[in-house]
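The values are calculated or read from the model by the stated rules, or taken from the named source; none is laboratory data. As the structure is a computational prediction, the values presented were derived from the model and not from experiment. Glycine also receives a Cβ, built like all others from the backbone with ideal geometry; neighbour counts cover every protein chain displayed. Note: accessible area is taken over every heavy atom of the protein model, side chains too, but ligands, DNA and RNA are not part of it. Shrake-Rupley method; radii C 1.70, N 1.55, O 1.52, S 1.80 Å.
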Amino acid sequence: MINQDNKNAMNGESLNISEQRKQQLKQLFPGVFTEVKNDVGDIVESIDFERLKAELGQFSDIYDNRRERYGMDWPGKRDCLRLIQESSQATLKPCREESVDFDSTENLFIEGDNLEVLKLLQKSYYGKVKMIYIDPPYNTGKEFIYPDNFSENLDTYLQYAGLKESGGEGRKWSTNSANEGRFHTKWLNMMFPRLYLARNLLREDGVIFISIDDNEVENLRRMCDEIFGEENFVACLVWDRNRKNDAKYFSVGHEYMLVYFRNESTLREENVVLRIEKEGVDEVKKVFEKSFLVNKGDLSKVKKEYIEYCNSIQKGDAREPIKRFKKLDEKGPYRDDGNINWPGGGGPKYDVFHPVTKKVCKVPVSGWRYPTIKRFLEECEKGRIVFGEDETTVPRVRTNLFENSEQVMTSVHYSYAQTATNEFVSLFDGERVFDNPKSVSDIEKLIRYVCNADDIVLDFFAGSSTTAHAAMLAEVRINRSINSISIQLPETCESKSNAFKNGYKTIADISKERIRRAGNKIRTELESQLDLDDKAKLDLGFKVLKLDQSNFKQWQAPNKTISDDALIQQMELNVDHINPNASQEDLLYELLIKAGVMPTEKIEQISVADQFAFSVAENSLLVFLGDNINQAFIDEILTLAPSQFICLDKAFHGNDQLKANAVKTFEAFNRGKEKIDQIDFKTV
């Protein structure tokens, strides 16, 4: 096994959060770092916190070192912070047989504990996710299975998932009774580290949506203020889902959705405005055009059919805003009651002449909406200004439905739970194998509201995979690629449940089947509508990865209860440190994750010096998992000039001279190249 002190040895751990934060702090305040001796006499780097306070303009108060401060605390919060900083040494194992379009899809389904998986995704997806939506356990006083014992991590998950022997009575994951004194504490300890790590994955213009109910909405809001920053709070959306007639006092049928930006100032600086098309506009346009054609332009008949259509829209329907467009002409439905005032007052007050009386029109109290008379006249020419009978009436703004089909999303939504359940049951041929699925149309609307082409959407409490389904629908509707990542624990279905009787052993099994069925349904519905090129652009597949132990023994943390003799034996076994049962594809995907490469990157096998190597992202990374490296092989790698080259240490067959020559060859190559052309050489 290669010595871990070797600078070319690949680090098998996930991103070190504390070290990264320290380096960021050093860039901002280099003067606060100093060197001190530790307890064993070694010189180590330390932070002078008093100096840091001074640089931030906060000076120590020698009269009061116990000042109160605003914040949120609970038992276990310190352990949460420690847990965040513990690196993961696990892997994500590819599972082709459960995937769809494994080699081409950019969608991921990851089966495993989301805390461990979020750690593994830090290197590959740090700052790359545009939108996160999660529907976490609501803490209703019933069991939820995420652990709050901070000594438990990958081993606990592996035992729970049946991937490792429990060694006796085993371990049971957390329950949470409302009668316990730690009712809120357990939930906070479960959520805090996951949200903290999730924030790292968001882009600077990213946004997170979190569904929640009354039990924890206040705690969640305060916790998110701490993690994301109170200044990045966007809104608390309300979703009215159903009425409960058996309620004793009030029928509480609503839920909340907290919305936070990663960095609101980024969106402000880039003048980002969120808008979404009004629901039903395309449908109304088809109704109007068909009626106009059938009735040969008779607007009275067209208007009658349009009014009948509007009357069919029920209260709470997403298309309800269309009913405000009560008038109609050859351009379609319109409204002419728009406010022409300058917002906030103090607007321009120029002369506007009435087109009939030729006299100066009455000026709005707060001034004209348009900054100049030239701009006003441009709107007139476009037919967007409506004048009154004479100059005594302030003109109004006309809005045509088909020209102004976008709107800002409201904070209150009507989305009935039974509708979402019916849609899900229909997808599963009438079988109810999952309780209380979220509405796919609701999540699809959120995706369309904030995402653009090639954006990534993450859901790490995937449940029935509503988010993955919604991302597919959004991709089709807006005709642009939306990539999804779903993470779901293989939570066991009860043996008496309808899901188990229908062959689904875990919630993850239901999740994967939902994505398969949704993809097949979309393909079938679009079969007659799309040509071959358009079909090829659609990504309706998903790549399944499963959380598992590392395939490299030196990356596996020793059991805390292991004896000294067993530990020595384990270290001796590391001479042959690769899991003999691991396939080359298993090793490859672990190396991709550990090297910070997205596992959705294009991978192909290429020939190098008559041997096979894996080319990732068009030679950005070259991985050789064979067992025979010679100088000719190294020379050919140089001609390919990948950004990174990773190989197994055993391929040098213990030939330290050949290994040293390889290192010198790469160093010599790098000296003659620009930094962007240099090759990062690593061995494992």
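Do the conditions hold for PHE228, that is, is it in contact with a helix residue (DSSP H, G or I) (Cβ under 8 Å, 6 or more places away or on another chain), without any contact (Cβ under 8 Å) to a residue 40 or more places away in the chain and surrounded by fewer than 18 Cβ atoms within 10 Å (Cβ to Cβ)? No. The helices (runs of 4 or more DSSP H) falling completely within segment 64-166 that include 1 or more residues that are at pLDDT 95 or above, under 30 Å from LYS537 (Cβ atoms) and within 22 Å of the chain's Cα centre (by Cα) map to 114-120, 122-125. Picking from residues in segment 539-563 that are outside any loop (DSSP other than H, G, I, E, B) and open to solvent by 20 Å² or more (accessible area, probe 1.4 Å), the one that is modelled with the lowest pLDDT is GLN554. Taken as a whole, the condition of being open to solvent by 40 Å² or more (accessible area, probe 1.4 Å) and of a type in the set (A, V, I, L, M) applies to VAL356.
Just one of the listed residues (ILE482, ILE456) is crowded, with 19+ Cβ neighbours inside 10 Å and in contact with a Phe, Trp or Tyr (Cβ under 9 Å, 6 or more places away or on another chain), namely ILE456.
The residue of segment 84-139 that is surrounded by the most Cβ atoms within 10 Å (Cβ to Cβ), among those that are small (Gly, Ala, Ser) and farther than 22 Å from THR506 by Cβ, is SER124. If you go through segment 604-651 and keep only what is open to solvent by 20 Å² or more (accessible area, probe 1.4 Å), more than 19 Å from ALA668 (Cα to Cα), polar (S, T, N, Q) and within 34 Å of the chain's Cα centre (by Cα), you end up with GLN605, ASN619, SER620. For segment 211-253, filtered to residues that are basic (Lys, Arg) and part of a loop (DSSP other than H, G, I, E, B), the residue that is farthest from ASP459 (Cα to Cα) is LYS248. Among the residues of segment 254-280, those identified as open to solvent by 30 Å² or more (accessible area, probe 1.4 Å), touching a residue at least 40 places away in the same chain (Cβ under 8 Å) and part of a strand (DSSP E or B) are GLU255, TYR256, GLU277.
Filter segment 507-538 down to residues that are surrounded by 13 or more Cβ atoms within 10 Å (Cβ to Cβ) and not in a helix (DSSP H, G or I) and give me whichever is modelled with the lowest pLDDT. Only one residue tops the list, namely LEU530.
When restricted to residues that are over 30 Å from TYR414 (Cα atoms) and of a type in the set (A, V, I, L, M), segment 271-301 contains 3. Give ALA613, ALA668 a once-over and let me know the one that is small (Gly, Ala, Ser) and modelled with pLDDT under 90. Residue meeting the stated conditions: ALA668.
Each residue in segment 375-389 was checked for being under 22 Å from ASN404 (Cα atoms) and open to solvent by 70 Å² or more (accessible area, probe 1.4 Å), and 6 pass. For segment 281-312, the tally of residues that are among the acidic types (Asp, Glu) and surrounded by 14 or more Cβ atoms within 10 Å (Cβ to Cβ) stands at 1. When ASN3 is tested against (1) at pLDDT 75 or above; (2) open to solvent by 40 Å² or more (accessible area, probe 1.4 Å); (3) of a type in the set (S, T, N, Q); (4) within 27 Å of PHE681 (Cβ to Cβ), exactly one condition is not met: (1). Would you check if LYS362 is more than 26 Å from LEU328 (Cα to Cα) and in contact with a Gly (Cβ under 9 Å, 6 or more places away or on another chain)? Criteria met by LYS362. Taking strands (runs of 3 or more DSSP E) as the structural unit, those lying wholly within segment 581-684 and holding at least 2 residues that are closer than 30 Å to ILE456 by Cα and of a type in the set (Val, Ile, Thr) correspond to 603-608.
Of the helices (runs of 4 or more DSSP H) that lie entirely inside segment 402-488, those containing 1 or more residues that are at pLDDT below 95, within 26 Å of LEU267 (Cβ to Cβ) and in contact with an Asp or Glu (Cβ under 7 Å, 6 or more places away or on another chain) span 466-478.
Entry remark, segment 326-341: residues being out of contact with any Asp or Glu (no Cβ under 7 Å at 6 or more places or on another chain) and open to solvent by 80 Å² or more (accessible area, probe 1.4 Å) number 5 in total. Before we move on, is THR392 of a type in the set (Ser, Thr, Tyr), assigned to a loop (DSSP other than H, G, I, E, B) and open to solvent by 70 Å² or more (accessible area, probe 1.4 Å)? It is true that THR392 is of a type in the set (Ser, Thr, Tyr), assigned to a loop (DSSP other than H, G, I, E, B) and open to solvent by 70 Å² or more (accessible area, probe 1.4 Å).
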